[in-house]
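Right, one structure below, let's go through it.
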There are 2 protein chains.
Amino acid sequence: MYIHAVSHYLPTQVVGNEHFTQLNGLSNEWIIERTGIAERRKAAPGENTNTMSVEAVARLQEQADLSDVDLIVGATYTPHDTIATLAHVVQHHLGIADIPVVSISSACSSLLNAIEIVEGYFALNKAKRALVVVSEHNTAYNNDQDKVSGHLWGDGASALLITKERQTEGDFEVLSLLTGGAAHTGKATEAVVLKPLEQGVIMPNGRDVFINACTYMPKASQQALERCGLTIDQVDYVLPHQANLRISRNVMNTLGLPEEKLLSNIQRLGNTGCAGCAIALSENWSMFQPGQHIVVTVFGGGYSYGAMVIRK
Amino acid sequence: MYIHAVSHYLPTQVVGNEHFTQLNGLSNEWIIERTGIAERRKAAPGENTNTMSVEAVARLQEQADLSDVDLIVGATYTPHDTIATLAHVVQHHLGIADIPVVSISSACSSLLNAIEIVEGYFALNKAKRALVVVSEHNTAYNNDQDKVSGHLWGDGASALLITKERQTEGDFEVLSLLTGGAAHTGKATEAVVLKPLEQGVIMPNGRDVFINACTYMPKASQQALERCGLTIDQVDYVLPHQANLRISRNVMNTLGLPEEKLLSNIQRLGNTGCAGCAIALSENWSMFQPGQHIVVTVFGGGYSYGAMVIRK
């Protein structure tokens, strides 16, 4: 399985920390110290997870031929429409008939769940060119006035063309991929929630999320490396879920890797949910060198997690 | 791949057509003639897709050992929580650590998308005992006063234990399974929608849904039969998506099958979304005889569809 191309879309409006200083009295320094976030993007009126998905796919079409895509897996926990989902809207945009189309949520971990679902379709010979689209419209469900987590969230989308066979030398090969759930643990089902009919996205147990994210991302990364026979010193970059720069640094520390190997966009984009890692992959695509290994690792609400090792 | 056991949960409150007569002036006879629906269930305050999922799984535990479930795929388009999804809450209920957990939506078609995702995990050898849980809380997102579609919807949930290897002689073998999307067609992305932040579930183009449902369910059924080398006369029962009795009858007519072979619960339950077919499978489980073939076929908003042939 190969990642042949990746694109991303970001809304143009930038929201700096001063917005939350005015609203909630949180200083720029306090927000940066606690989260690493300096600014985030906010979708314009009329934009949503579906429109941002189509924008990301339109950019992917500039890089790759999508006319023979035979599977679409969308992902979001901030849906614009749960029936005409982002995957369906992308199919509509591409005009491709009679292919499997589904949208998923495993919260912030969904990127890797989506790629694992693609892996299954490839194993079944039911697909060989799959489009994965991750999109979050956090600001639609967020309460800016929430002093606990209102300042964390940003909007954005990304699209990846994943193929069963190698297309070009520049493709990333997926060497190993695992996903898991840790919903059995204490506060997993209540620490981060988004109840569309109630109060939107809230994080009543940030400390519990922090501890579990710092536990599961390194653990999953090590498991994924073991499964493909690699050691930690062969890792060139780690791309963790973009939830909080302190979590990312903690993950690097636990893995025994220097901060130079950390890929991060949370400073500019905030927590863009399941889209964060894919956007970062897109932003850094041309920097990666042949032979380099990247570990993508995710953790999300409901306490789902995953790790993927890819080699350029 | 085998369906080893299935259960269902229905809320206790029954809503008869007289509710909509009082509210919207729609007579009992008019509703029955147009939809086949005489009554539907409504979740109690405090119930939602997550709690109904756990109830369905608790009933499945009375039939089967779920302690070694190694994959959970949930499905709903009426989510209570898009982060701590129904699949996560079920994992929490079962207390099983470190297994893949994901919730999906392909609207009313999700049951078959979920089973196809399971099929992929089986092919990858990443799972061998999977739990599929389908749950809809339509009444949470429905406007009873909507004269067009307010009277269609009901609540309910179902859980299925799907295994890679046969467990007992009573298992249903999955002979073929396909899913597809038809979002490329005209009104696919606008005919049925559920925008959580806007007006809930509405169906502004019921006629277009009707026509496409009546086209795609027979077509997918025939494709699924061909793929496993069966002919239409070998079909003992057809279980179509429970959207409208007139659609179901139309599907039987197109397939050239008599109405005795139609399985239906819409009369008592209304449209229970992606849970409808699974609930019907559970309700009729003990009626099926060894060697019988059943075609399950679905169609949903976003214009997704699918068909599955199973043999007892």
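A short reminder: the numbers here are calculations on the coordinates, not readings from a lab. These figures come from a predicted structure and were not determined experimentally. Heads up, the Cβs are rebuilt from the backbone with ideal geometry, glycines too, and the neighbour counts pull from every protein chain shown.
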For B:K187 and A:A44, what is the calculated FRET efficiency with R₀ set at 35 Å and r taken between the beta-carbons, to the nearest 0.05? 0.85
For segment A:181-249, alpha-carbon Rg over 2.2 N^0.38 Å: 1.35
At a temperature of 10 °C and a viscosity of 1.306 mPa s, determine how fast chain B diffuses translationally according to Stokes-Einstein, using the Kirkwood radius over alpha-carbon pairs as Rh; express D in µm²/s, rounded to the nearest whole number. 83 µm²/s
Using the Cα centre as the reference, give the magnitude of the dipole from point charges on the C-beta atoms of chain A (Lys, Arg: +1; Asp, Glu: -1; all else neutral), rounded to the nearest 20 debye. 500 debye
Peptide-level mean, for B:116-126, of C-beta atoms on other protein chains within 10 Å: 6
So B:I32 and B:Q267, fully extended at 0.36 nm per residue minus their Cα-Cα distance, gain in nm 83.8 nm
Report the one residue of B:L152, B:G200, B:S106 whose Cα lies farthest in the direction of the positive end of the charge dipole of segment B:105-227 (charges on C-beta: Lys and Arg +1, Asp and Glu -1; origin at the Cα centre). B:S106
I need the calculated FRET efficiency for the pair A:E173 and B:Q223, taking r as the beta carbon distance and R₀ as 30 Å, to the nearest 0.05. 0.35
For B:E165 and A:Q145, extending 7 Å from Cα along the Cα-Cβ vector and measuring point to point gives, in nm, a value of 6.0 nm
Please state the relative contact order of chain B as a whole percent: Cα pairs under 8 Å, 6+ residues apart? 26 percent
Ascending list, in nanometres, of distances separating the B:A58 label from those of the other copies (7 Å, Cα toward Cβ): 4.9
Out of B:G25, B:G300, B:G273, a Gaussian network model of chain B with alpha-carbon springs under 10 Å gives the largest mean-square fluctuation to B:G25
Once you place label points 7 Å from the Cα toward the Cβ at A:L197 and B:A97, how far apart are they in nm? 3.5 nm
Relative contact order (%) - segment B:128-194, alpha-carbon pairs under 8 angstrom, separation at least six: 34 percent
At 7 Å along Cα-to-Cβ for each site, give me the label-to-label distance between A:F210 and A:N24 in nm. 1.4 nm
Among chain B residues, which Cβ is nearest the axis of the B-onto-A rotation, and at how many Å? B:G120, 1
Helix-derived mean residue ellipticity, 222 nm - over chain A, DSSP H n ≥ 4, -39500 (n - 2.57), to 500: -9500 deg cm²/dmol
Among B:117-127, B:168-178, the order from most to least packed when residues are scored by Cβ within 10 Å on average: B:117-127, B:168-178
Based only on other Cβ atoms within 10 Å, what is the fewest-to-most ordering of A:C108, B:C277? B:C277, A:C108
Checking the table A:K164/B:K187; A:K128/B:K312; A:K126/B:K195; A:K128/A:K219; A:K219/B:K126 against a 25 Å threshold on Cα-Cα, which pairs fail? A:K164/B:K187; A:K128/B:K312; A:K126/B:K195; A:K128/A:K219
Distances from B:N24 to the same position in the other copies: list them in nm, one decimal, shortest first, using label points 7 Å from Cα along Cα→Cβ. 4.1
Whole-number percent relative contact order across segment B:172-311, with pairs defined as alpha carbons under 8 Å at least 6 apart: 39 percent
Taking beta carbons within 10 Å but only from partner chains, what does the mean come to for residues B:137-146? 1
Segment A:108-151 versus segment A:1-75: alpha-carbon centroid distance in Å: 12 Å
Starting with the fewest neighbours, write out A:H151, B:H4 ranked by other beta-carbon atoms found within 10 Å of each beta-carbon. B:H4, A:H151
Within 10 Å of each Cβ in A:108-115, the average number of Cβ atoms from other chains: 2
Can you tell me which of A:211-221, B:10-20 comes out highest on packing, and rank the rest after it, using the mean Cβ neighbours within 10 Å? A:211-221, B:10-20
So for each of A:51-63, B:228-240, A:193-205 I average, over its residues, the number of other beta carbons within 10 Å; can you give me the resulting order with the highest mean first? A:51-63, A:193-205, B:228-240
Just going by the charge dipole of the protein assembly as shown, with Lys and Arg at +1 and Asp and Glu at -1 on Cβ, which of A:L10, A:H92, B:A97 is farthest out on the positive end? B:A97
If the only charges are +1 at each Lys and Arg Cβ and -1 at each Asp and Glu Cβ, what is the size of the charge dipole of segment A:1-64 around the Cα centre, to the nearest 20 debye? 120 debye
